[in-house]
Each structure stands twice: as C-alpha cells, then as structure tokens.
Amino acid sequence: MILLFINSYTQQKSKFPQGAWQLVSWKHLSGDTIDSQFPGDYTGSDIVIFSEQHLLSVGRFKKDTTYIDNYVGAKYTLDGNHFEETILYFPKTEQVGYVMKQILELRNDTLIKTYPVDDNWEIVKRNYYIEKYIRLK
C-alpha cells in the first residue's frame with residue numbers, strides 16, 4: 001500500500017518535445033549559403049510551447065528598423081524525428097491548414113528543427129531553415 005501511495009505522487013517525466021523552449025538561433029539557407037540569420041541579421045526573441053498535440057509560438061524580431069511579429073498555433077504529430085505541423089493560426093491566413101514536414105532532433109537540452117523536408121523526409125536544400133531552442137525551466 002505504501003509503494004502505491006509513493007508511486008502515485010512521483011512526478012512523471014515529460015514527453016519530448018513537451019514544455020517551453022526559447023529560440024537561441026536560426027539560419028535561412030539556400031544550399032550552403034546563409035541568406036539570413038538570428039542573431040545577426042535579426043534581433044529579438046521567440047518562445048515555443050508544446051503540449052501533447054499542439055504548439056504555440058510567439059515572438060518578435062527586428063531587422064534594421066522593421067519589426068516582425070511572429071505567432072503560430074498548430075497541431076502536430078511526431079513519429080521518431082519526423083515532425084508534421086498543421087498550421088491553425090498564422091499572420092498570413094493563406095497558410096492556415098498548411099502541413100509542414102520537419103526533422104526534430106534533441107541534443108542534450110537543445111531542440112533542433114530543420115524544415116522544410118520532402119515526402120521522403122529529405123531536407124529541401126534549395127531553401128531551408130535550421131532553428132535551435134533551449135528548454136526553459
């Protein structure tokens with residue numbers, strides 16, 4: 001009985017990628033050429049919060065004197081490192097309903113998202129992004 005009581009109060013470890021993550025860098029690439037990057041060309045911040053099946057990303061960036069507000073609400077599925085995000089909320093309403101395939105990696109406390117990928121889960125090298133996040137406590 002005591003073991004049952006103790007086990008009922010032990011904290012469950014959260015499932016990857018559930019939790020809150022702070023963006024630390026991103027790169028937009030064409031082949032091997034960096035087109036733009038954060039930090040560098042842009043300043044600002046972004047946080048993404050994952051629940052079991054949904055995510056919410058909110059941030060603001062600045063390039064020169066122009067501000068770019070970023071927000072995304074989406075439903076997602078994860079199979080291994082194959083991540084599919086269906087956009088529910090986005091500033092460009094024509095993107096709502098779009099399904100974006102991504103590769104998700106976890107390296108220690110760093111989450112790495114690479115996208116877009118094709119139907120064979122290969123990175124579309126002519127125009128792609130690599131984003132890195134650290135887990136918030």
Contact list, first residue from the range 54-70 and more than 16 Å from Ser36 (Cβ to Cβ) and of a type in the set (S, T, N, Q), second anywhere and modelled with pLDDT under 95 and surrounded by 11 or more Cβ atoms within 10 Å (Cβ to Cβ), beta-carbon distance below 6 Å, six or more apart or interchain, is none
Can you tell me how many residues in the range 86-107 are of a type in the set (Lys, Arg) and modelled with pLDDT of 95 or more?
-> 1
Looking only at the range 63-80, and only at residues there that are touching a strand residue (DSSP E or B) at 6+ places or on another chain (Cβ under 7 Å) and surrounded by 13 or more Cβ atoms within 10 Å (Cβ to Cβ), the one that is farthest from Gln95 (Cα to Cα) = Leu78
Counting only residues that are surrounded by 12 or more Cβ atoms within 10 Å (Cβ to Cβ), free of Cβ contacts under 8 Å to residues at least 24 places away in the same chain and of a type in the set (D, E, K, R), the range 81-95 contains a total of 1
Report yes if Tyr42 is more than 17 Å from the chain's Cα centre (by Cα) and more than 27 Å from Arg126 (Cβ to Cβ), otherwise no.
-> no
Can Tyr98 be described as of a type outside the set (Gly, Ala, Ser) and surrounded by 14 or more Cβ atoms within 10 Å (Cβ to Cβ)?
-> no
The number of residues in the range 82-137 that are in contact with an Asp or Glu (Cβ under 8 Å, 6 or more places away or on another chain) and assigned to a loop (DSSP other than H, G, I, E, B) is 2
Determine which single condition Arg60 fails, assuming it passes every other condition in (1) over 13 Å from the mean Cα position of the chain (by Cα); (2) at pLDDT below 95.
-> (2)
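The values are calculated or read from the model by the stated rules, or taken from the named source; none is laboratory data. Values in this document were obtained by computation on a predicted structure and should not be read as measured data. Note that each Cβ is placed from the backbone with ideal geometry, even for glycine, and that neighbours are counted across all protein chains shown.
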